[in-house]
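Novice: Got a structure for you, written out below as structure tokens; questions coming shortly.
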Ligand SMILES: Cc1cc2nc3c(=O)[nH]c(=O)nc-3n(C[C@H](O)[C@H](O)[C@H](O)COP(=O)(O)OP(=O)(O)OC[C@H]3O[C@@H](n4cnc5c(N)ncnc54)[C@H](O)[C@@H]3O)c2cc1C
């Protein structure tokens, strides 16, 4: 057990900025490091990411390891497996936390396999018991939560679901920033990103959004989804959708919230004409305030709503938009 060597968190950049989950992992990493001993080291790869690295140091990482260069411009599994494995070999941490992003879910098991250690995937809570990390992870579509104790070889590894921890907001940390060399074999670099095609999404991205308004099949027609867009615009919110309307082709998959879409954790989540199937709930139930608008008083969404409006959304939503506009004027 490498107790005392602290925790390594893997940060991901979005261009020259940080993905919000990177700051969430600083909070999670600090919590574990306080119990395991040692500090929090962050590792990040990318191009022109000095600002992102400084932000990690300012937000509370004791040390930031930076792999800068062309090879790290895109997150490919081979390169990031090498980067994270070598960062672990260098720092010998007691625990490693990796973002539960699409990329993280791809390279984390490869790193664990290369090192011959276990991995708890998609964790939403972390604790330490008798020197071992205990990770809570939802299973069976979120109906049940299991606690997994990571006994055995170190480091103890987990991927962490976005939105599960508060973002570290500190700005006066003075962690050190160090450039590292990563040796990459031909095997590590055999997958190349040829082109990135940006989906033509209007409005804010769901990732890290503070407010989200999502619409479901209750809107009946794709054109009626404009009501959701209007409410989102009035609230300064991002637009989300249930899988029913994504499958119907009304909205892009990037807007889907739930088990097979995005996991979000905004301060405010407004569900319009969404029944609240468990596969939707697992993607948004950790929101601070949930407002549901549905004409069926028995809709499951009301079981987790902080505020519920039972009524016809075609009457309720325009009235709410008017009230919001008056309140914000
Ligand atoms: C493996 C698997 C993965 C899945 N992943 C996801 C996922 O990631 N995200 C997801 O969302 N779903 C997912 N689903 C689908 C999920 O089970 C539901 O089918 C889906 O969430 C239903 O979408 P909905 O609430 O928009 O539609 P519905 O369940 O049809 O609900 C529509 C709601 O609108 C209300 N309504 C109708 N008219 C009005 C009106 N005029 N005014 C007010 N309310 C009205 C109705 O009362 C109803 O509650 C998944 C399913 C499976 C099997």
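Novice: How many of the residues in the stretch 64-112 are closer than 25 Å to residue 127 by Cβ and out of contact with any helix residue (DSSP H, G or I) (no Cβ under 7 Å at 6 or more places or on another chain)?
Specialist: 10
Novice: Go through the stretch 56-74 and count every residue that is at pLDDT 95 or above and not in a loop (DSSP other than H, G, I, E, B).
Specialist: 9
Novice: Can I ask one more? Kindly provide the set of residues from the stretch 126-139 that are under 30 Å from residue 267 (Cβ atoms) and in contact with a helix residue (DSSP H, G or I) (Cβ under 9 Å, 6 or more places away or on another chain), ordered by number.
Specialist: Residues satisfying the conditions are 126, 127, 128, 133.
Novice: Hey, any hits in the stretch 291-311 for a residue that's more than 9 Å from the ligand (Cβ to nearest atom), farther than 30 Å from residue 124 by Cα and in contact (Cβ under 8 Å) with a residue 40 or more places away in the chain?
Specialist: Taking every residue of the stretch 291-311 in turn, none turns out to be more than 9 Å from the ligand (Cβ to nearest atom), farther than 30 Å from residue 124 by Cα and in contact (Cβ under 8 Å) with a residue 40 or more places away in the chain.
Novice: Something else: Looking only at the stretch 156-189, how many residues end up being touching a helix residue (DSSP H, G or I) at 6+ places or on another chain (Cβ under 8 Å) and surrounded by 10 or more Cβ atoms within 10 Å (Cβ to Cβ)?
Specialist: Final tally of qualifying residues: 22.
Novice: Checking residue 287 against (1) in contact (Cβ under 8 Å) with a residue 60 or more places away in the chain; (2) under 30 Å from residue 102 (Cβ atoms); (3) within 6 Å of the ligand (Cβ to nearest atom), only one condition comes out false. Which one?
Specialist: The single condition residue 287 does not satisfy is (3).
Novice: Please count how many residues of the stretch 200-232 are away from the ligand (no atom under 12 Å from the Cβ) and in a helix (DSSP H, G or I).
Specialist: So the count comes out to 7.
Novice: Which ranges mark the strands (runs of 3 or more DSSP E) fully within the stretch 246-329 that have 1 or more residues being surrounded by fewer than 14 Cβ atoms within 10 Å (Cβ to Cβ) and outside the structural domain of residue 163 (by TED's automatic domain parsing)?
Specialist: 289-294, 307-310
Novice: I'd like the full set of residues that are crowded, with 19+ Cβ neighbours inside 10 Å and without any contact (Cβ under 8 Å) to a residue 60 or more places away in the chain, limited to the stretch 218-243.
Specialist: 225, 232, 237, 238, 239, 240, 241, 242, 243
Novice: Continuing with the same structure: Would you tally the residues in the stretch 34-49 being in contact (Cβ under 8 Å) with a residue 60 or more places away in the chain and in a helix (DSSP H, G or I)?
Specialist: 2
Novice: Next up: Kindly list the number of the only condition in (1) buried (at least 18 other Cβ atoms within 10 Å of the Cβ); (2) touching a strand residue (DSSP E or B) at 6+ places or on another chain (Cβ under 7 Å); (3) over 23 Å from residue 119 (Cβ atoms) that fails for residue 59.
Specialist: Result: residue 59 passes all but (2).
Novice: Follow-up. Within the stretch 141-163, does at least one residue satisfy the condition of being assigned by TED's automatic domain parsing to the domain that holds residue 300, within 20 Å of the chain's Cα centre (by Cα) and under 28 Å from residue 26 (Cβ atoms)?
Specialist: no
Novice: Being over 31 Å from the mean Cα position of the chain (by Cα) and more than 11 Å from the ligand (Cβ to nearest atom) is the filter here; which residues of the stretch 312-324 pass it?
Specialist: The answer is 318, 319, 322, 323.
The values are calculated or read from the model by the stated rules, or taken from the named source; none is laboratory data. These numbers come from a predicted model, not from an experiment. Here Cβ is always computed from backbone atoms with ideal geometry, including for glycine, and neighbour counts include all displayed protein chains.
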